[in-house]
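Scroll down for the structure; my scribbles are underneath it.
The values are calculated or read from the model by the stated rules, or taken from the named source; none is laboratory data. Predicted model only: the values in this text are computed from it and were never measured. With ideal geometry, Cβ positions are generated from the backbone for all residues, glycine too; neighbour counts draw on all protein chains shown. SASA here: full protein model, heavy atoms, side chains in, ligands and nucleic acids out. Shrake-Rupley method; radii C 1.70, N 1.55, O 1.52, S 1.80 Å.
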Amino acid sequence: MSARGKRVAWPIGVGLVGVVVGFSGRSVLPPFVLDDPFWRAFWSGPPMAGLFAIVAAAIAFYPAYRSTRIGRENAAHEQWWKRAEWALGQAGSDNQTDREVANDALVALLSDATETEGAMIVRTIENLQGTGAARCLTEK
């Protein structure tokens, strides 16, 4: 059987099993009848609509929350990269004060860097200012 045939056969088989189980259950169990006016009004009226609205709001909340959280994390990471670009640019300066400021900034940025980003920063400092400066970065 081809992959397409399996994709078509699977839902049909599940549907047939569901129909068989449903008819079997219907013949074994007593009928479900809502004779009490309170329950009939509850299940078919505004209270149930309110519960469905609450469930729908809860279902819609999670994707919105997740999207916002991901956006916030991406914005924070983008700001980190802007700071890292500035500090790495200053690290290559001919001015000693600029290099010292860049080293201090890179030390602060290393705490939020991933392992790969941290290794990149340390390697860049090693290339631009010598291995002694990079060792100072990793020791702090």
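If you scan segment 83-132, which residues turn out to be part of a loop (DSSP other than H, G, I, E, B) and surrounded by 11 or more Cβ atoms within 10 Å (Cβ to Cβ)? Don't jump to the end; show me each part of the working.
Going through segment 83-132, the residues part of a loop (DSSP other than H, G, I, E, B) turn out to be 92-95, 111-114, 130.
If the condition is that a residue be part of a loop (DSSP other than H, G, I, E, B) and surrounded by 11 or more Cβ atoms within 10 Å (Cβ to Cβ), then Gly92, Ser93, Asp112, Ala113 are the ones that fit.
So Ala56 passes all but one of these: (1) more than 30 Å from the chain's Cα centre (by Cα); (2) surrounded by 10 or more Cβ atoms within 10 Å (Cβ to Cβ). Which condition number does it fail?
Going through (1) more than 30 Å from the chain's Cα centre (by Cα); (2) surrounded by 10 or more Cβ atoms within 10 Å (Cβ to Cβ) one by one, Ala56 breaks only (1).
Can we say Arg69 is open to solvent by 70 Å² or more (accessible area, probe 1.4 Å), among the basic types (Lys, Arg) and at pLDDT 90 or above?
Answer is yes for this residue.
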